[in-house]
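Written below as structure tokens is the structure these notes are about.
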Amino acid sequence: MVQTRQNSSNDLPQEQFVVEEQYNGQPVHQYQYEEASHESERLLLDPSNFISLKGAGNLPTTSSFNYAQLLIHFKTFFTSVFLPQGYPYTVTSDYLAYQIWDTAQAFASSLTGALATAAVLKGVGVGSQSATVLAASITWLLKDGTGMMGRIVFAWAKGTRLDSECKKWRLIADGLNDIAFSIDLLAPHFSIALFAPCACLSSFFRSIVGVAGGATRTAIVRHQARRENLADVAAKDGSQETLVNVLSLLVSLVFLPIVDEKPVAVWTLFVLFTLAHLYCNYKAVKTLQLDTLNQARFQLCIRDFVNHGKVQSIVECNAVEPLWSSSYRCFGCELGKLPSESSTCHYYQQAKWVCVYDEMSQKGWIAWHVDAQKTDFFSAIFQLEYFGVAKSWPSLEDEDQFKNLLVAESWQLHSHQLNVDEWRYKVVQIQNSKSKNV
């Protein structure tokens, strides 16, 4: 609401002042206002005094055009098209670093894919007078069918791990993608009888890439979105990827005719692009600062808590998080799969869970009661991981202190990625041939 100043006289001089307008926290325009003396008049904008600072908005009306202003407006346009609204305040602090490395790896992968596509088309008979349309169609259908089945099988086998181990599977997906491209490049050099199996194998690997890459990307976008803007972050990520694909397409149009029928040049470029792809992908996942606890990050925090009485910060923990190996845990196993009592197995039972830790193998199991809730999941896993480090069961005070330290370091406790399975048990009493739930 615009307010006016109450003046006792109509002939007082007018006051002039400047109001700054911001967008996304950045100065955009300045307006020079005149506040009239008369109480019935409101603040009026004098268009001739319009001043533009930097960022978005119209070009200044009172100053001459210059290249600095053009650069500012191009930057603003680029930001609005390819970055989420409100950037950088609506995304995590690791967003820009991750997107830069992710864009670089996508560019390298697209160039490698162009080389592989040319090899596949040659393998199915494009440019060969001896090839038939039917043979090429059958090979292509077999390849696509194998990929479809691969997507279903992989999602069934590893789908529940893609949230909790998104960094690991992000790397695996891109590694398999490069393996698939290498098979595509090798396939035309085999006999016609072997080309179809090679194409199917490549399609199978690429199907895993599609599922793992898409699912882990969703997990990363969910982490990056900080203002209930998951869809916007995902959409702008798609725009960035499309731009990269367009640029790589233009580059491919230049170098593919140059390296055609030159296998040494093709393989040299393939090796260079593949190495760049893998390196950029590794750097991308290492920039992530996930603030939810998975098994690896939980174990790192527990180890720091037991040994030093503190927990690692989000940045410290993500920096040392192992990507490839972690000790075996089953958070929600069948009672029948709990190990038998032995001198190396230690049992701890509460009303809503039973946990077992084997010192020799360093494996752990937890069986959940049907009434177990999210708070019980955290408590039981804390007990198990604490014992794995301290070789003794913790107290309730230890758990409370651990939670307080996590909150102090800004870890998210309202959600987790601890991969809890769905097996549950309940105790039943048999009375007069009727079962009664306890």
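Note that region 95-288 shows a convex hull volume over its alpha carbon atoms of 120 Å³ per residue. Entry note: region 293-425 has Rg to Rh equal to 0.94, where both radii use alpha-carbon atoms and Rh is the Kirkwood radius.
With the simple spin-label model, which puts each label point 7 Å out from Cα in the Cβ direction, the I152 to S239 separation comes to 3.8 nm. Amide H contacts of Q350 (H built 1.01 Å from N, in plane; Pro and chain starts excluded): C355 sit under 5 Å, all sequence-distant by 5 or more or on other chains. Which residues among region 172-189 fall inside the zone where the amide N is under 18 Å from a point 7 Å beyond the Cα of L323, along Cα→Cβ? In region 172-189, the label zone of L323 (backbone N under 18 Å from the point 7 Å along Cα→Cβ) covers 172-180. The calculated FRET efficiency for the pair E399 and E21, based on their C-beta separation and a Förster distance of 60 Å, comes to about 0.75. Residues of region 304-319 falling in the label zone of A408, defined by backbone nitrogen less than 20 Å from a point 7 Å along Cα to beta-carbon, are 304-318.
Each residue of region 221-228 is assigned a 3J(HN,Hα), and the resulting list reads 4, 4, 5, 6, 6, 10, 9, 6 Hz, derived from the Karplus form 6.51 cos²θ - 1.76 cosθ + 1.60 (θ = phi - 60°), x at Gly and Pro.
Using the Cβ-Cβ distance between S191 and R161 with R0 set to 51 Å, the FRET efficiency from 1/(1 + (r/R0)^6) comes to roughly 0.85.
Report the one residue of V259, Q289, Y279 whose Cα lies farthest in the direction of the positive end of the charge dipole of region 249-311 (charges on C-beta: Lys and Arg +1, Asp and Glu -1; origin at the Cα centre). Going by the Cα projections, it comes out as Q289. Spin-label model, Q85 to L70: label points 7 Å out along the Cα-to-beta-carbon direction sit 3.0 nm apart. Could you tell me the center-to-center distance, by alpha carbons, between region 310-343 and region 159-200 in angstrom? Between the Cα centres of region 310-343 and region 159-200 lies a distance of 29 Å.
Packing here is the average count of other Cβ atoms within 10 Å per residue, and on that basis the peptides 135-144, 220-229, 382-391, highest first, run 382-391, 220-229, 135-144.
Between E334 and L230, the simple spin-label model (points 7 angstrom out along Cα→Cβ) gives 3.3 nm. Considering all alpha-carbon pairs of region 66-190, what whole percent are spaced by more than 24 angstrom? In whole percent, the share of Cα-Cα pairs in region 66-190 beyond 24 Å is 55.
Quick note: the coordinates plus some simple rules give every number you see, no bench work behind them. All of these numbers come straight from a predicted model, not from anything done at the bench. Because the Cβ atoms are built from the backbone with ideal geometry, glycine has one as well, and the counts that use them run over all protein chains shown.
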